[in-house]
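Following: one structure in structure tokens, then a few remarks.
The values are calculated or read from the model by the stated rules, or taken from the named source; none is laboratory data. None of the values given here were measured: they were computed from a predicted structure. Methodologically, a virtual Cβ is constructed for each residue, glycine included, from the backbone with ideal geometry; neighbour enumeration extends over all protein chains shown.
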Amino acid sequence: MTLQLDRPVPGERTPPGAGPTIRLSWRSRLHRFEGRSAPYVYVAPFFLVFAAFGLFPLLYTAYISLHRYKLGSSMTWIGLDNYTWLFTNDAFYNALWKTVTIGVLSTVPQLLIALGLAHLLNYRLRGRTFLRVAMLMPYATSVAAATLVFALIFGRDAGIVNGLLGLVGVDPVDWRNGDWTAQIAISVIVIWRWTGYNALIYLAGMQSISSDLYEAAALDGANRWQQFRHVTLPGLRPTILFTIVVSTIGASQLFGEPLLFGGGQANGGPVGQYQTLGLFMYQQGWQFGQLGRAATVAWVTFLLIIGLVLLNTRLSKMRKS
Amino acid sequence: MTASVAVFPRSRSRPQDRAGVPTYVVLGLVAVAFVAPFYYMLVAASRPMAEMNTFPPPLLPGPDLWKNVATAVRSQNIGLALGNSLVVSGIITISTALFCTLAGYAFAKMRFRGRDTLFAITLGTMMIPPSLSVVPLYTIMADLGLAGSLSSVVLPSLVAAFGVFFMRQYLSQSLPDELLEAARMDGATSLRTFWSVVLPIARPGMAVLGMLTFMTAWNDFFWPVITLNSTNPTVQVALNNLGSGYVPDTAVIMAGTLVGTLPVLVVFVLLGRQIVGGIIAGAVKG
């Protein structure tokens, strides 16, 4: 039995001496190659998907922006005509301005409230988990759902907001058709959806600040407010910068809120009073069928975002030094 | 003093002081403001439109919920939309969790040339809003014959920079180097190590990333609205069509919104704690 089993199978027989060592070193070399190439293989899916559906389209956007490109037809080179069209177009400046104002109206209160909430959530609380989950519920809601509900809440004839204002003697406001009122209503939607999320981000930042710092400040006689100003805020600096950058980018992308607040119209209100850049691009591309112009809007928006982010980091570096 | 430090070694945050009544009042009011719109959605979805046009609005849900849901489902293909959203979000979630763990593991625990540059690039891509690429994406998908198909929604979202970052954070904290060393001593190949050592440890992090990804995918709006049409919509596309209708019956719109939001809300109420923990964990080193 044993003899039979031990007997080598003729085909697999290796020559004595060199055979095993060659096989071993070949295997180990393969092993080493596998080990060395593995990390690249592991990160490859991300970079492939990004190259195909992120980077390439982004560059292609720049290329398309130099063409007349109508929905359903082919591209014709027109140089910088789209840019001339864009920079002499009042609707573009309107959209740019509305993006900025709605961006400020939604981002500034959002981050300030979030900071306050995080401070409160950082106390020892009963029902902590419940409160945190409640804070984050709006974040789980889609833009579409949130906007449809708030369109009702801000209704002119029967909206709750007008009802409540009526209780204190304010006449009904036509939120949707006003200029600033529509922008405020849209900002409220954004604030509702994102404040809790940012509060949790701040809370995480606050919890990573060493308690020694607070104790030292307390020993120096700093009261709570002084501790907040001189320990919490400096400790949160990187987090705050991060949320400002993220919210700024988000604000530059507002699309679903103004679209559905206007009942699915891409014009952003009768006089474009809440037409953001995202909505303007959508209108050019998919309502007017001018994909070349839409690409121009997208590319200019992208450059603006890069400029803003650079400005942001530059400013924060300047303040640091 | 020393005793209390010993008893609470993990008390890292300051305002250790208990919250006072005003704190509870403020947080309670904010919580109500955050949750109230959902309740309003339910009330408005369950009553005839005329009843919502009064002030103060009715406080309790009415009897028309099923009727309104049925109307909404009939008018906008919401049944199909729910199925489509489930398929799209499911595929995106699985693929994101897997690929992001692979990349996150490489960035966290492996040494290779160009690692830091590649990781910096990964972080940088988070700054690029995907909606800026919709024009060429639209063209590319048309060229691939995928315009209007679910694949056109899935493909660009198969993996996400945030997930790579998240899993790198997670694995660099929870995966001990000794374990990888031991696997190497045993002669395990890299893939084998990944499969039997890294994956089991990564699982809790992948679960959190999966929930976040599912929510994001379910709620994705801009690109699906552009690429899909009303015959084969996802939930968000169906809601967009519902809200853009020419006969705005708010009760039906709210019923559709409720149906489209419910799946995510259920996930969220059941697993909200873990999601909150995941967001906080992902933010700390951000």
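Summary table
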{"read-out": "Meets criteria (assigned to a helix (DSSP H, G or I) and hydroxyl-bearing (Ser, Thr, Tyr)) for A:Tyr69", "value": "no"}
{"read-out": "Number of positions in segment B:144-191 that are among the β-branched types (Val, Ile, Thr) and part of a helix (DSSP H, G or I)", "value": "3"}
{"read-out": "Subset of segment B:257-273 [more than 12 Å from the chain's Cα centre (by Cα) and at the interface with another protein chain (Cβ under 8 Å from one of its Cβ atoms)]", "value": "B:Thr257, B:Gly260, B:Thr261, B:Val269, B:Arg273"}
{"read-out": "Filtered residues of segment B:200-230 (kept if over 19 Å from the mean Cα position of the chain (by Cα) and under 30 Å from B:Pro129 (Cα atoms))", "value": "B:Ile226, B:Thr227, B:Leu228, B:Asn229, B:Ser230"}
{"read-out": "Residue within segment A:163-170 that is within 7 Å of another protein chain (Cβ to nearest Cβ), within 27 Å of A:Ile244 (Cα to Cα) and surrounded by fewer than 23 Cβ atoms within 10 Å (Cβ to Cβ) present", "value": "no"}
{"read-out": "Yes/no for B:Leu242 being within 17 Å of the chain's Cα centre (by Cα), within 26 Å of B:Val87 (Cβ to Cβ) and within 12 Å of chain A (Cβ to nearest Cβ)", "value": "no"}
{"read-out": "So A:Thr99, is it farther than 26 Å from B:Thr139 by Cα, modelled with pLDDT of 95 or more and among the β-branched types (Val, Ile, Thr)", "value": "yes"}
{"read-out": "Residue match in segment B:43-51 (condition: under 30 Å from B:Val153 (Cβ atoms) and part of a helix (DSSP H, G or I))", "value": "yes"}
{"read-out": "Qualifying positions in segment A:261-289 - in a loop (DSSP other than H, G, I, E, B) and within 22 Å of the chain's Cα centre (by Cα)", "value": "A:Ala266, A:Gly268, A:Tyr274, A:Gln275, A:Thr276"}
{"read-out": "Only one of B:Leu199, B:Leu265, B:Leu242, B:Leu209 that is touching a residue at least 60 places away in the same chain (Cβ under 8 Å), surrounded by fewer than 16 Cβ atoms within 10 Å (Cβ to Cβ) and not in a loop (DSSP other than H, G, I, E, B)", "value": "B:Leu199"}
{"read-out": "All positions within segment A:132-152 that are more than 7 Å from chain B (Cβ to nearest Cβ) and touching a Gly at 6+ places or on another chain (Cβ under 7 Å)", "value": "A:Tyr139, A:Thr147"}
{"read-out": "Within segment A:243-260, considering residues that are facing another protein chain (nearest Cβ under 9 Å) and in a loop (DSSP other than H, G, I, E, B), the one farthest from B:Gly245 (Cα to Cα)", "value": "A:Gln253"}
{"read-out": "Check on B:Phe34, part of a helix (DSSP H, G or I), facing chain A (nearest Cβ under 8 Å) and of a type outside the set (Val, Ile, Thr)", "value": "yes"}
{"read-out": "Flag for A:Val41 being among the aliphatic types (A, V, I, L, M), touching a Leu at 6+ places or on another chain (Cβ under 7 Å), more than 19 Å from A:Leu277 (Cα to Cα) and assigned to a helix (DSSP H, G or I)", "value": "no"}
{"read-out": "Lone qualifier among A:Val143, A:Val173 - being over 21 Å from B:Phe38 (Cβ atoms) and touching a Lys or Arg at 6+ places or on another chain (Cβ under 8 Å)", "value": "A:Val173"}
{"read-out": "Residues satisfying the stated conditions in segment B:1-19, i.e. closer than 27 Å to A:Tyr202 by Cβ and either more than 8 Å from chain A (Cβ to nearest Cβ) or modelled with pLDDT under 50 (or both)", "value": "B:Ser4, B:Val5, B:Phe8, B:Pro9, B:Arg10, B:Ser11, B:Arg12, B:Ser13, B:Arg14, B:Pro15"}
{"read-out": "Lone unmet requirement of (1) within 13 Å of B:Thr250 (Cβ to Cβ); (2) part of a helix (DSSP H, G or I); (3) among the aliphatic types (A, V, I, L, M) for A:Ala145", "value": "(1)"}
{"read-out": "Tally of residues being facing another protein chain (nearest Cβ under 10 Å) and either closer than 17 Å to B:Cys100 by Cα or more than 30 Å from the chain's Cα centre (by Cα) (or both) across segment B:139-167", "value": "9"}
{"read-out": "Odd one out for B:Leu60 among (1) at pLDDT below 90; (2) surrounded by 13 or more Cβ atoms within 10 Å (Cβ to Cβ); (3) more than 7 Å from chain A (Cβ to nearest Cβ)", "value": "(2)"}
{"read-out": "Residues of segment A:210-230 classified as at the interface with chain B (Cβ under 7 Å from one of its Cβ atoms) and either within 30 Å of A:Thr147 (Cα to Cα) or not in a helix (DSSP H, G or I) (or both), total", "value": "0"}
{"read-out": "Checking A:Leu236 against (1) farther than 24 Å from A:Thr141 by Cα; (2) buried (at least 18 other Cβ atoms within 10 Å of the Cβ); (3) at pLDDT below 90, the condition it does not meet", "value": "(3)"}
{"read-out": "Residue in segment B:168-184 that is more than 29 Å from A:Phe33 (Cβ to Cβ), within 11 Å of another protein chain (Cβ to nearest Cβ) and surrounded by fewer than 16 Cβ atoms within 10 Å (Cβ to Cβ) present", "value": "no"}
{"read-out": "Test: B:Leu137 is assigned to a loop (DSSP other than H, G, I, E, B) and under 25 Å from B:Gly83 (Cβ atoms)", "value": "no"}
{"read-out": "Number of the condition not met by A:Thr99 [criteria: (1) touching a Ser or Thr at 6+ places or on another chain (Cβ under 7 Å); (2) more than 14 Å from chain B (Cβ to nearest Cβ); (3) buried (at least 18 other Cβ atoms within 10 Å of the Cβ)]", "value": "(2)"}
{"read-out": "Residue match in segment A:19-40 (condition: modelled with pLDDT of 90 or more, under 26 Å from A:Phe288 (Cα atoms) and within 14 Å of chain B (Cβ to nearest Cβ))", "value": "no"}
{"read-out": "Some residue of segment A:58-66 being surrounded by 14 or more Cβ atoms within 10 Å (Cβ to Cβ), within 9 Å of chain B (Cβ to nearest Cβ), closer than 30 Å to A:Gln283 by Cα and in contact with a Phe, Trp or Tyr (Cβ under 6 Å, 6 or more places away or on another chain)", "value": "yes"}
{"read-out": "Condition check for A:Arg29: farther than 29 Å from B:Thr122 by Cα, loosely packed, with under 13 Cβ neighbours inside 10 Å and of a type in the set (D, E, K, R)", "value": "yes"}
{"read-out": "Lone qualifier among A:Thr107, A:Thr129 - being within 12 Å of chain B (Cβ to nearest Cβ) and either modelled with pLDDT under 95 or assigned to a helix (DSSP H, G or I) (or both)", "value": "A:Thr129"}
